[in-house]
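**Q** One structure, pasted below without further comment.
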Amino acid sequence: MTKYNRLTLIEEIEPYIWGNKKYKKFLCKCDCGTMVEVRLDKMKLGNTKSCGCYNKELITKPHKPTNLTHGHTKKGNVSREFHSWHGMKQRCTNPKTKHYNYYGGRGITICDRWLNSFTDFIEDMGPRPEGKSLDRINNDGNYEPNNCKWSTQVEQLKNRRINA
């Protein structure tokens with residue numbers, strides 16, 4: 001029997017027709033025991049994982065924040081240092097981020113020590129002073145301990161490529 005996430009295909013049923021397209025549809029049994037009719041393409045893409053029980057579990061199950069171990073969460077909110085680290089990662093690794101072209105898109109990378117460890121980042125950078133944000137000393141260099149500092153907005157404006 002074929003299975004996609006929590007759904008096991010039981011039998012093909014009458015196809016779903018949308019305009020001039022015809023989609024295969026199956027009667028499926030969810031791991032929780034519920035029978036449900038689902039389009040095959042939705043299961044293959046991972047858009048439909050269960051009869052709905054999976055989403056209910058996610059909503060009701062208490063989650064332990066993954067960043068709790070470093071002490072930079074308070075009542076579900078993350079610290080300014082964590083926002084800086086996360087923003088750095090997005091700018092350098094996520095092509096869908098607004099400013100990716102100015103960072104990862106032009107070859108700016110993050111050192112291995114910081115890439116997957118916020119704890120190492122905060123150990124090297126220390127607490128973020130009020131009114132400052134993460135800045136690269138050499139704006140053509142990578143994010144790494146010897147090329148980063150906490151800077152004011154005025155300092156960062158003086159360190160742009162157009163001023164270099």
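Throughout, read-outs are computed from the coordinates displayed, never taken from laboratory work. Note that this is a predicted model, so its numbers are computed, not measured. Backbone-built Cβ (ideal geometry, glycine too); neighbour counts: all protein chains shown.
**Q** Kirkwood Rh, the stretch 111-158, all Cα pairs: how many Å?
**A** Working: mean 1/r = 0.0892 Å⁻¹.
Computed over the stretch 111-158, the radius equals 11.2 Å.
**Q** Related question: Given +1 on the Cβ of Lys and Arg, -1 on the Cβ of Asp and Glu, and no further charges, what dipole in debye does the chain carry about its Cα centre, rounded to the nearest 20?
**A** In total the dipole reaches around 520 debye.
**Q** Next question. Ratio of Rg to Rh for the stretch 3-60, alpha carbon only, Kirkwood?
**A** Reported Rg/Rh (Cα atoms, Kirkwood Rh): 1.01.
**Q** When Lys and Arg each count +1 and Asp and Glu each count -1, what net charge do the other residues less than 14 Å away from residue 93, Cβ to Cβ, add up to? Don't jump to the answer; show the numbers that get you there.
**A** Numbers: positive: 89, 91, 96, 98, 106; negative: 112.
Net local charge, residue 93 excluded: +4.
**Q** Hey, another quick one. Note down the Stokes-Einstein diffusion coefficient of the chain in µm²/s, whole number, using a Kirkwood radius over alpha carbon pairs, 37 °C, and 0.692 mPa s.
**A** Rounded, D is 165 µm²/s.
**Q** Still on this structure: Once the other residues with Cβ under 11 Å from the Cβ of residue 13 are scored (Lys, Arg +1; Asp, Glu -1), what is the net sum?
**A** Once all neighbours under 11 Å are counted, the net charge is -1.
**Q** For the stretch 68-163, what does the relative contact order come out to in percent, with C-alpha contacts under 8 Å and a separation of six or more?
**A** Once divided by the residue count of the stretch 68-163, the mean separation gives 20 percent.
**Q** Related question: Filter the cross-link list 96/132; 49/96; 3/24 down to pairs whose alpha-carbon distance in this structure exceeds 18 Å. Don't jump to the answer; show the numbers that get you there.
**A** Values: 96/132 26 Å; 49/96 25 Å; 3/24 15 Å.
In this structure, 96/132; 49/96 exceed 18 Å between Cα atoms.
**Q** At 20 °C and 1.002 mPa s, what whole-number value in µm²/s does Stokes-Einstein give for the translational diffusion of the stretch 68-163, with Rh from the Kirkwood sum over Cα pairs?
**A** The estimated diffusion coefficient comes to 154 µm²/s.
**Q** Give me the net charge of residue 22's neighbourhood, meaning all other residues with Cβ under 14 Å from the Cβ of residue 22; Lys, Arg count +1, Asp, Glu -1. Walk me through the intermediate numbers first.
**A** Numbers: positive: 21, 24, 25, 39; negative: 12, 14, 41.
Summing Lys and Arg as +1 and Asp and Glu as -1 gives +1.
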